[in-house]
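Each reported figure results from applying straightforward, stated rules to the coordinates on display, with no laboratory input. Note that the coordinates shown come from a computational prediction; the quantities given were computed from them, not determined experimentally. Note that we place each Cβ from the backbone using ideal geometry, even for glycine, and neighbour counts take in every protein chain shown.
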Amino acid sequence: MPRKRKKTHVLIFLAFYQTIWKLFSNFDPRHATPPATIVTIVVIQRNILYNNESTMNTKIKKTLLTVGLSSSVMLSMAQTPSATETTTNPLLIPSTLSYGAPDFNRIKASDYLPALEAAIAQQRKAINAIAESKQTPTFRNTILAYENSGKLLDRVSSIFFCVDEADKTPEIAATEKAIMPQLTQLDNDISFNEKLFRRVKYVYDHEFSKLKGEDRRLLEEIYKGFVRNGALLSKEKKARVEQINKRISDLQQQWGTQLQEATNNAVVWVNSKEELAGLSDADIAQCEKDAQSRGAKAPYAIVIINTTQQPILTNLDNRDLRRRVYEASVHRSDGTGRYNTLPIVVEMAKLRAEKGEIMGYHNYAAYSLEKTMAKTPENVYTFLNNLIKAYRPNADKETAAIEAYARQTMGPDFQLQPYDRFYYSAKMKKAQLNLSEDEVKPYFNIDSVQVNGVFYAAHRVYGLNFKERKDLPTYHADMKVFEVSDSTGKPIALFYSDYFRRPTKRGGAWMSSFAKQSKAWNQLPIIYNVCNFAKAPEGQPSYVTWDEVTTMFHEFGHALHGILSNCQYNTLSGTAVPRDFVEMPSQFNESFASITEIFDHYAINSRGEHMPEALKAKMMESINFQPCYALGENLAATCADMAWAMLPSSAIPTAAQATIFEKESLKKVGLLDSQIPPRYFTSYFNHVWGGGYAAGYYSYLWTEVLADNITMTFKQKGALKRTTGDEFRDKILSRGYTVDLMKAFSSFTGLQQPDAQALLKMRGL
């Protein structure tokens, strides 16, 4: 099972706004699902995950607000907007489309702000009614009322934040700027509503032992969410936490805006086709198209993606251009040029550390990890150190081998640089395996990968069927909509895909939802995937790389977690699980991309020919060719994230010291390596500073272990057997956060604890 971990996917989710709604800051940005209340939009999402991580996973909307706003009052006023509101704003009227899908034909950019403000006012009214009630608190009149109080806000914000991340026009950006302070204030007002908490605590103290199943779980999550947000703090400490929350929300908004601008402006302009030697005709055409869409300052443009390394470096013959591309990536926002996000970083790190200390923890990492499977920073470091120990000697050998190969043509004095690594690694692969990316890419038509690969695998394993719905409107013409039905033909979900990049879309790949599954709300899931693949010129088919193929499978794994959910409550459904579990279904789903029956079903060229067996064998062999880079960049990013989160508030470096601190932190753990830099340097590490993965980026490796264990179990039981898929669906995918996740994992795999050796084996180490 090949995996070059880049999936975010997140988000996932996934993930940009997750922390602003802070209920469960330990949730995945793309898909975390904090308890009722205004929720913090996480991420992602799976953050995305995140390139793909971002991919995206703390709380974004319960994958993007889907979590929080889950409060709910069984009060009519919490459900129905005023007459004037409903007559003018389509967002405030329940959609008449299938599944209650967003009616983008009617929704205008100007509708979002008044709709969000109306929904906020409605939830305030509902929360006030619960808090001021004179009735004895019960599960029904307090917990269920709370669960339902944010239903309208959940719906409206789910739509808005999808568009905000995927198609941010100036008007949408202005709405974001206007609404974020209001959402943060609502979250604070709910979190620190003493009367409301007293009622919640009363129910917890008097009914918890009497409740069963999802009712008990819902009560527990809501109560613990209040506690983690500071409900038991003194008045003075509550006030300070509220200030911190507001400031972090503001900083995250600044971060998102500045990083997107920095990345968009990091474009490398190219004056001649000759400079692009080594690229295919299709890639050159894409560079020309990208230049035109960004003002045509030169005939060609190389667009910088969210990760440190840039895939285009694999084929660029011009070494100086490779250097320019790499440096544009690394320095996009570190203050060496126009943009500098590091002042935001250090202020946010200090505020997070202070919040952790106020909550009674030594640092933010300890506070954040308390709600995860890992539980403590010590457990995370034990896990990471074991991987680093196995990785380090192999990494040095891999680098030496690439440099030795390069010297065969460049001379004995040639010094390999980070911008050379992909280039010479690809040539080395070509020489040793007689394989290049250009040979296999023509077999990966994006439409075939989606329909004949991603969907076909879900059909074989879970009995799902997919029918395109061209009658349902979308927010962008590039999107597709599919209705999902089970093996009996019963419709169970809608799935949207938005695969192509554009300047208005943030980087990475993620999953989230317009509506999460909930039996209590009589709501079937409406799930979407967003990616950033290059779109071919008009009239030509779009092709993806093998890594992008696995990204599509990855993000759809998150989607399946939402599509197959079968839970009573919105707060607990779908991807509403801790971030160090949320990436497991997505990473596991990648395994189907390389299963022979699935691969042969989608790997077809424009002439209808399947990939020849000899070429396929070479490609499969190449998947784990020089595996250390992918693991090393992830480990380095993870350790950088942990280093920031482990600092006490008194030890946060200044912005000028931030880069030095990052280097020293990597040196301490043996990961300061110019040849294998972090997947994200601090100044553009969106998972940590813009999403919900602070002290949580380790989740990608942690859940990879879980996913590899699941994959091995599938192989033992029959990877494409419906009985195996149905068991996995029943024990894990359908359960959301209604069960103990370790027990669910053990029940399916038979393992009492995850086996980390599986990760090294799958990566060829």
Taking the number of other C-beta atoms within 10 Å as the exposure measure, put Y737, Y146, Y112 in order starting with the fewest. Y112, Y737, Y146
Under 18 Å from a point 7 Å along the Cα-to-Cβ line of E236: which residues of the stretch 337-363 have their amide N that close? 354-361
For the charge dipole of the chain, defined by +1 on Lys and Arg C-beta atoms and -1 on Asp and Glu C-beta atoms about the Cα centroid, which residue among N264, T341, Y424 has the Cα displaced farthest towards the positive pole? T341
Give me, ordered by chain and number, the residues 5 or more places off Q523 or on other chains with an amide H under 5 Å from its own placed amide H. S518
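Just the ratio, please: alpha-carbon radius of gyration of the stretch 70-251 over 2.2 N^0.38 Å, N its number of residues.
Here the Cα radius of gyration is 1.10 times the empirical estimate.
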For the modelled label position 7 Å from the Cα of M742 along Cα-to-Cβ, which residues of the stretch 375-398 have backbone nitrogen atoms closer than 13 Å? 375-376, 379-380
Just from the alpha-carbon atoms, what are the Rg and Dmax of the chain in angstroms? 24.4, 84
Here the stretch 650-655 yields Karplus 3J(HN,Hα) values (6.51, -1.76, 1.60; θ = phi - 60°; whole Hz; Gly and Pro given as x) of 6, 10, 5, x, 6, 4
Karplus-derived 3J(HN,Hα) from phi for the stretch 462-477 (6.51 cos²θ - 1.76 cosθ + 1.60, θ = phi - 60°), whole Hz, x at Gly and Pro, runs 10, x, 7, 10, 10, 10, 5, 10, 7, 7, 9, x, 10, 7, 8, 5
Taking neighbour counts of Cβ atoms within 10 Å as a proxy for exposure, in what order, fewest first, do T724, T169, T307 appear? T169, T724, T307
Using the crude model of +1 on Lys and Arg Cβ and -1 on Asp and Glu Cβ, and no other charge, please compute the dipole size for the chain relative to its Cα centre, in debye to 20. 1500
Take every DSSP beta bridge whose two residues both sit in the chain, then give the antiparallel share in percent to the nearest 5. 70
Using a Förster distance of 25 angstrom, determine the FRET efficiency expected from the C-beta separation of D281 and Q408, and round it to 0.05. 0.30
Please list 3J(HN,Hα) in residue order for the stretch 501-512, calculated via the Karplus relation 6.51 cos²θ - 1.76 cosθ + 1.60 where θ = phi - 60°; whole Hz, with x for glycine and proline. 6, 7, x, 7, 10, 5, x, x, 9, 7, 10, 7
Using mean Cβ contacts within 10 Å as the protection proxy, how do 426-434, 116-124 order, highest first? 116-124, 426-434
Length gained when the stretch K212-S98 is fully extended (0.36 nm per residue, less Cα-Cα span): 37.7 nm
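List D486, D154 from most exposed to least, where exposure is judged by having the fewest other Cβ atoms within 10 Å. Can you show the working numbers first?
Values: D486 14, D154 34.
Starting with the residue having the fewest Cβ neighbours, the order is D486, D154.
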Cut-off under 5 Å, modelled amide H: who pairs with V270 long-range: Y300, A301, I302
Just how large is the dipole of the stretch 530-656 about the Cα centre, in debye to the nearest 20, putting +1 at every Lys and Arg Cβ and -1 at every Asp and Glu Cβ? 160
How much FRET efficiency would the formula 1/(1 + (r/R0)^6) give for A390 and K663, where r is the Cβ-Cβ distance and R0 is 25 Å, rounded to 0.05? 0.60
Please give the length that would be gained between K397 and A477 if that part of the chain were fully extended, namely 0.36 nm times their separation in residues minus their C-alpha to C-alpha distance (nm, one decimal). 24.0 nm
Per DSSP H run of n ≥ 4, the term is -39500 (n - 2.57); total these for the chain, divide by its residue number, and report the mean residue ellipticity at 222 nm rounded to 500 deg cm²/dmol. -15000 deg cm²/dmol
Bin width 5 Å, alpha-carbon pairs only: give the P(r) of the stretch 514-637 as whole percents, running from 0 to the bin holding the largest distance. 2, 9, 13, 17, 17, 14, 12, 9, 5, 2, 0
Percent of C-alpha pairs per 10 Å bin, the stretch 349-469, short to long: 10, 18, 15, 25, 26, 6
To the nearest 20 debye, what charge dipole does the stretch 70-251 have about its Cα centre, counting +1 at the Cβ of each Lys and Arg and -1 at the Cβ of each Asp and Glu? 780
Across the stretch 209-343, how many lysine pairs, 8 or more positions apart or on different chains, have C-alpha atoms separated by under 28 Å? Please give the number. 12
Give me the one-decimal nm value for the distance between modelled label points at T654 and R323, 7 Å along each residue's Cα-to-Cβ direction. 3.1
For K397, counting only lysines whose alpha-carbon sits under 25 Å away and dropping same-chain residues fewer than eight positions off, the answer is K4, K6, K389, K427, K429, K430, K618, K663, K667, K668, K761
Once a ≥ b ≥ c are taken as the square roots of the eigenvalues of the Cα gyration tensor of the stretch 613-765, is the result rounded (a/c under 1.5), prolate (a/b larger than b/c) or oblate (a/b not larger than b/c)? oblate
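Could you work out how much longer the chain between K470 and R338 gets when fully extended? Use 0.36 nm per residue separation minus the Cα distance between them, nm to one decimal.
Details: separation 132, 0.36 × 132 = 47.52 nm, distance 4.36 nm.
Going from the current span to full extension adds 43.2 nm.
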